[in-house]
1. Quick check on the chain: helices-only [θ] at 222 nm, where DSSP H runs of length 4 and up contribute -39,500 (n - 2.57) each and the sum goes over total residues. Nearest 500, please.
2. From the Cα gyration tensor of segment 1-87, with a ≥ b ≥ c the square roots of its eigenvalues, which class applies: rounded if a/c is under 1.5, or else prolate if a/b is larger than b/c, or else oblate?
3. Whose amide H sits under 5 Å from the amide H of LEU44, counting only residues 5 or more places off or on another chain, with H placed in the peptide plane?
4. Using amide H atoms built in the peptide plane, which far-off residues or other-chain residues are under 5 Å from ASN70 H to H?
5. Just to be sure I understand: of the beta bridges DSSP finds with both ends in the chain, what percent are antiparallel, rounded to 5?
6. How large is the charge dipole for the chain, taken about the Cα centre, if only the Cβ atoms of Lys, Arg (+1) and Asp, Glu (-1) carry charge, to the nearest 20 debye?
7. Here is the link list: LYS33/LYS93; LYS12/LYS33; LYS102/LYS134. Which ones come out longer than 23 Å on Cα distance?
8. Can you tell which of ALA57, ALA79, THR36 lies farthest toward the positive end of the dipole of segment 1-87, using +1 and -1 charges on the Cβ of basic and acidic side chains (Lys, Arg; Asp, Glu)?
Amino acid sequence: MAKKTRPVEQAKRISRMLAESMGYEHLETAFEKEATGMYLRVYLDKPGGITLDDCEAFHRAVMPLFEKINYDFLEVCSAGLDRPIRNERDAEKAAGQTVEVKLFRAQDGRKEFTGILLRLDADAWVVQTAQGEKRFLRKEVALMRRSVDLSMLEETGTYQEEERHE
């Protein structure tokens, strides 16, 4: 039997190509070491959100393609509504929505802000806060993510994304 390896780029390429062919957006493929072993995780998205059925279909399709890759557990999952906003693509999706901003160092005596993400400029996030429009330099932001309001759960128990503030 051929020796299994842990080629990160190969796993990313395989999962990205398969995701696109299945109509999903490939967000990330990562090897993550945990106490129980090495996890190979693939994070997906699609308009309206990834379902458990989507994850299962992708899992079944990708397993044979990962045959020569060394891992203990394969997980296919949604990155979640509150996943970090890291780049231009994430910023475009989150524009007009309420976000939480956590800074490495305090600005105006605070390290945390909430507001509407307006845009991502070349060097800064622009957020409309209760105190007015604020610019947070990319290098100053420790974490930015959508603010998830659980009161938006309907009686059916499903989350409905809030309306965009445009």
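Read the figures in this text as sums done on the coordinates, not as results from a lab. Values in this document were obtained by computation on a predicted structure and should not be read as measured data. Cβ placement follows ideal geometry from the backbone for every residue including glycine, while neighbour counts extend to all protein chains displayed.
1. Computed mean residue ellipticity for the chain: -6000 deg cm²/dmol.
2. Prolate, because a/c is 1.5 or more and a/b exceeds b/c.
3. LEU27, CYS77, SER78, ALA79
4. Answer set, sorted by chain and number: THR5, ARG6.
5. About 80 percent, rounded to the nearest 5.
6. 1000 debye
7. Cα-Cα > 23 Å for LYS33/LYS93; rest within.
8. THR36
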